[in-house]
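J.: Mind having a look at this structure? Questions to follow.
The values are calculated or read from the model by the stated rules, or taken from the named source; none is laboratory data. Note that the structure is predicted; figures quoted are calculated from it, not measured. Because the Cβ atoms are built from the backbone with ideal geometry, glycine has one as well, and the counts that use them run over all protein chains shown. When the accessible area is computed, the model is the full protein with side chains, heavy atoms only, and any ligands, DNA or RNA have been set aside. Shrake-Rupley method; radii C 1.70, N 1.55, O 1.52, S 1.80 Å.
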Amino acid sequence: MPDRVNSAHPPDLPVVGVLACRKQRANGTSYSRVNDVLTDSLLRYARVLPLVVPPDEAGAAALDDLDGLVLPGSGSFVHPRFTAGAGAETEGREYDTDRDAAALALLRRARELPDLPVLGSCRGMQEIGVAAGAALRDTEGAETAVHRFTPRPAGGDRWADAHPVHIRPGGLLAGLPGALAGTAVPVNSQHSQVVCALPDDVRVEAVAPDGVLEAISVGHPARYVLGIQWHFEQHTGDSALNRTILESFGRRCRLRREKRKSC
């Protein structure tokens, strides 16, 4: 496990924007939230300094001065009005339209900064897909139990491995050290929607045995825009693949930082 950053002599770390969710307290006040497990994994394994980006479209202007962008998972769903299907809301689901609008604004700006690495997890992968013109659909039938993992007995680890993924050859993910194309790698799973109907510039990077898309990239090899359907920030120390993903993201962030500093 990499050592923690020494706060007495902090290195010159790349600064990475992490999109927050909009949450509301019972008293009506709202706040921006990013989970500690994600920021800790980014600092520990990617060796980048996370900066919380509030869920506001104006935050896209900050990307010029950042070295990377992370779109985390969330308990909320992308609102149907932002997707290609544009269906109705599903009763009982949590939505976060402030985050939806902010994510799409950030990804539009990121297209104008081709050296800016973008990494998404779960909802973040879905945002990357939607911004690129893909659609979302709900899991169906047997998919639901597989991809919204429920530990047995109740109260167990919801982030335990749920199913394997197969990494497709020739893509961004297969090119990472230790991410062997064609191998089956166990991952966690906590999602009820999947990305589908991909446009031409979106590449399938990994799939589950039932065909559900588990990782996508946009604009590879010119760009590093990687969406991962599982939560790579959970149990990262126990997963060589998750560590590889974060380490590779950190390397691309350092390249951008060096380029920005040289200008």
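J.: Probe of 1.4 angstrom, ligands and nucleic acids ignored: what's the accessible area per residue over the stretch 218-263, in square angstrom? Numbers along the way, then the final one.
T.: Details: 2000 Å² over 46 residues.
Ligands and nucleic acids excluded, the figure is 44 Å² per residue.
J.: Now for a separate question. For residue 144 and residue 108, what is the calculated FRET efficiency with R₀ set at 35 Å and r taken between the beta-carbons, to the nearest 0.05?
T.: On the way: r = 32 Å, r/R0 = 0.92.
Efficiency computed from Cβ-Cβ geometry: 0.60.
J.: May I pose another question? With a 1.4 Å probe and all protein chains in place, put 159, 230 in order of accessible area, largest first. Could the numbers behind the result be given before it?
T.: Numbers: 159 45, 230 0 Å².
Solvent-accessible surface, decreasing: 159, 230.
J.: In the chain, what percentage of the DSSP-assigned beta bridges are antiparallel, given to the nearest 5?
T.: Working: 23 of 39 bridges.
Rounded to the nearest five, the antiparallel share is 60 percent.
J.: So if I restrict to the alpha-carbon atoms in the stretch 176-217, what is the Rg, and what is Dmax, the biggest pairwise distance, in Å?
T.: Rg and Dmax of the stretch 176-217, Cα atoms, are 11.3, 30 Å.
J.: If I take R0 = 25 Å and measure r between the Cβ atoms of residue 196 and residue 158 in this structure, what FRET efficiency does the formula 1/(1 + (r/R0)^6) give, to the nearest 0.05?
T.: Result of the calculation: an efficiency of 0.50.
J.: What is the log10 of I(q)/I(0) for the stretch 69-132, computed with the Debye formula using one identical point scatterer on each Cα and no solvent, at q = 0.13, 0.14, 0.17 Å⁻¹?
T.: Once normalised to I(0) and log-transformed, intensities are -0.33, -0.38, -0.56.
J.: Also: Taking the Cα centroid of the stretch 10-50 and of the stretch 188-228, what is the distance between the two, rounded to the nearest whole Å?
T.: Using only Cα atoms to place each centre, the spacing works out to 23 Å.
J.: Continuing with the same structure: Where in the chain are the helices, taken as whole DSSP H runs, whose Cα atoms extend 27 angstrom or more along the long axis and whose Kyte-Doolittle mean reaches at least -0.5? Walk me through the numbers on the way to the answer.
T.: Values: long enough: 240-262 (33 Å, -1.28).
In the chain, no H run is both long and hydrophobic enough.
J.: Further question on the same structure: Mind giving me the nanometre distance, one decimal, between the label points for residue 262 and residue 240, set 7 Å out from Cα along Cα→Cβ?
T.: If labels sit at residue 262 and residue 240, their model points lie 3.3 nm apart.
J.: Scan around residue 187 for amide H atoms under 5 Å from its own, H built in the peptide plane at 1.01 Å from N, and keep only partners 5 or more places away or cross-chain.
T.: 162, 163, 165
J.: Roughly to the nearest percent, how much of the accessible area of the chain is carbon and sulfur, given a 1.4 Å probe?
T.: On the way: 6130 of 11890 Å².
Using a 1.4 Å probe with all protein chains present, the chain comes out at 52 percent carbon and sulfur.
J.: Just to confirm, what accessible area per residue do you get for the stretch 59-156 at 1.4 Å probe, in whole Å²?
T.: Details: 4060 Å² over 98 residues.
Result: 41 Å² of accessible area for each residue.
J.: Let me ask something additional. Let me check the size of the stretch 162-258 from its C-alpha atoms; what are the radius of gyration and Dmax in Å?
T.: Radius of gyration, then largest Cα-Cα span, for the stretch 162-258: 13.0, 42 Å.
J.: Let me ask something else about it. For the stretch 132-182, what's the relative contact order in percent, using C-alpha pairs closer than 8 Å and at least 6 residues apart? Intermediate results must be reported in sequence, preceding the final value.
T.: Values: 27 pairs, mean separation 10.9, N = 51.
Relative contact order, the stretch 132-182: 21 percent.
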